[in-house]
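**Q** Below is one structure. I have some questions about it.
No lab work stands behind these numbers, since they all come straight from the coordinates. On a predicted model such as this, the values are computed, not experimentally measured, just so you know. As a convention, Cβ positions derive from the backbone with ideal geometry for all residues, glycine included, and neighbour counts pool all protein chains shown.
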Amino acid sequence: MTTGEAGQLNERTRKYILPPDSSIWIDRVMRGRSLAYWALVAAVAAVYFGAAKLGLTMALVAEQVTAVWPPTGIALAALVLFGNRLWPGIALGAFLANLTAHEPLASACGIALGNTLEAVLGAYLLRRFVEFRPSLARIKDVFGLIGLAAGLSPIVSATIGVTSLCLGGVQPWDRYGSIWWVWWQGDAMGDLVTAPVLLTCLTKARIGVQTAGRAAEAAALFATLIIVTQIVFAGRLAKGISDYPLEYTVFPFAVWAALRFGPPATTLVSFVASGIAIWGTIHGFGPFARWTTNERLTLLQSFMGVVAVTGLVLAAATSERKHIEGSLCENNERLAAQYALTSILAQPTTLAEASPKILQATCESLGLDMGAIWKVDPEAKLLRFVELWHKPAVKIPEFAAITRRMTFPRGLGLPGRIWATGEPAWIVNAVEDSNFPRAPVAAKEGLHAAFGFPIKLDDQVLGVIEFFSRQILPPDEDLLRMMATIGAQVGQFIVRKRTEEALVEEHNLLRTLIDSLPDAIYIKDTQSRFILGNKGVARIMGAPGGESLVGKTDFDFYPAELA
């Protein structure tokens, strides 16, 4: 992969991070290698170190090896979300954690190298082969996380790490296989349980709570989850239930979260259940208490891995189904908008009459809050206001007033940049756009997303149409393409109306000219019907005026003489 391709993929991934200004800040920090960058590296190192020391408190098979290793998930999430340039933080955190775990310097360096390469490889594989989206709302993202990040990349860390321990004399070679398995399992679980929580919590993904009822349901889900897992895995009642498969009571919560609230809630369910279960199992509670401490922890981690995978796959499948349903609904709305606009443009009306209808039909069909039309004044080299429409429920008096007063030179503001490029443009949040003069008023009255497209005839821009929404919306290339087509239709409409107006003007001029002549002047078609006649011929024919001749023949005026 080239540097340019990696940059595109990082940017494609980063567009999901909230808030948008934090993404801009991260970009500046990464490019500048500034003090802020090293502060971020230090923060990653500190979080990694703290999580590593927590994991090492549960190191049972060896002092340096544990089946519970959340730092792997932290490292993967950091590199996926913010790019590979944060690798020094992972290397530093891993080195310090291992240096303080009674290891020789060479072994600590080797393990830190393996942990860093594991995270870099996991992030690379996800970007390269999956075009990974951290929202985990697609099945291919989930399978990529399971197979590439959790399945393959821990092999690197486990192999380098165990080899470093054995070469340094910290562990004997005859334990290589057993230690390697525990190491791989701990890292894989970090990718399956810890990473998904961070990825979904730090992205635009949100727990699907839109109403008070859904909020109450979400609260009931997590409250019940905590109570049940506490009883099954960590409560006093768990002392005597190791002979019963009550661990499966976790699955209904994973299914509940996946079907009702999507990936963020599902990952949180796995994380919370795993935390409670690990604590209880370490202390001898729960269904896995019959085995040795190391065995019970290994079995628990395997079980929780199955829970995490099941929840992630089900949540992704549900999200994709909802996305398809939403896309079908969205397509219907866009088809309705396109049909409405085409019908308006087909009517015998003027641009002034059609403009508010165009804006209203588009806003109502696509759920937008306001629209405005601008036309090019070629002499003044400015875009001038034509018409504005907004939903009656949307109160934007200042923004509407300033829009009506403004003009835009080429390149200034959203209309000006569309005029300059001749291409549609999208602003995710106009309030933060440096080339949007109306930003302060938009911020005051709650307008955010904005997009527009040119009114064109061939390569000539005749005007611009812009729309606004109260929401912050990511670019929609399909919508822009559709609206660009509408812009071309509006351009043809304008030219047709100009042509019609010119023909009417020419006809009126010709009528005035021939009426001023005293002689009889007329034009007939091949059927001997009058097409044009002046007042002179009208007097001869006995007609009230020249217009009354049109469509008639001599027979209509002298039927007896011509019979």
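**Q** For a test of the definition: using alpha carbon positions, the gyration tensor, and the 1.5 limit on a/c, classify the stretch 347-498 as rounded, prolate or oblate. Kindly include the intermediate steps, with their values, before the conclusion.
**A** Details: a/c = 1.43, a/b = 1.31, b/c = 1.09.
Rounded shape, in that the Cα axes give a/c under 1.5.
**Q** Just list whichever of Lys375/Lys395; Lys140/Lys391; Lys357/Lys552; Lys357/Lys535; Lys375/Lys444; Lys456/Lys552 have alpha carbons separated by over 31 Å in the model shown.
**A** Flagged as over cut-off: Lys140/Lys391; Lys357/Lys552; Lys357/Lys535; Lys456/Lys552.
**Q** Summing Lys, Arg as +1 and Asp, Glu as -1, what charge do residues with Cβ under 14 Å from the Cβ of Ser270 carry, Ser270 excluded?
**A** Result for the local shell: -2.
**Q** Here is a further query. Could you give the size of the charge dipole of the stretch 499-552 about its Cα centre, using +1 on the Cβ of each K and R and -1 on the Cβ of each D and E, expressed in debye and rounded to the nearest 20?
**A** Details: 6 positive and 8 negative charges, 86 e Å.
Dipole size: approximately 420 debye.
**Q** Additional query: Given charges of +1 on the Cβ of Lys and Arg and -1 on the Cβ of Asp and Glu, with all other atoms neutral, how large is the dipole of the stretch 347-498 about its Cα centre, in debye to the nearest 20?
**A** Value, rounded to 20: 480 debye.
**Q** Using the charge dipole of the stretch 80-168 (Lys, Arg: +1 at Cβ; Asp, Glu: -1 at Cβ; taken about the Cα centre), state which of Gly161, Leu117, Ala106 has its Cα farthest towards the positive end.
**A** Comparing the listed Cα positions along the dipole, Leu117 ranks first.
**Q** Compute the orientation-averaged projected area for the stretch 122-186 from the convex hull of its Cα atoms and round it to one decimal in nm².
**A** Values: hull surface 18.9 nm².
Quarter of the Cα hull surface area: 4.7 nm².
**Q** For the stretch 270-314, state what percent of all Cα-Cα pairs lands in each successive 10 Å bin, counting from 0 Å until the bin that includes the largest distance.
**A** In whole percents, the pair-distance histogram is 30, 52, 17, 1.
**Q** Only counting other Cβ atoms within 10 Å, I'd like Asp369, Asp556 sorted with the fewest neighbours first.
**A** Asp556, Asp369
**Q** Okay, moving on. Could you tell me what fraction of 2.2 N^0.38 Å the Cα radius of gyration of the stretch 407-468 comes to, as a two-decimal ratio? Mind dumping the intermediate values first?
**A** Values: Rg = 11.5 Å, N = 62, 2.2 N^0.38 = 10.6 Å.
Ratio of Cα Rg to 2.2 N^0.38 Å: 1.09.
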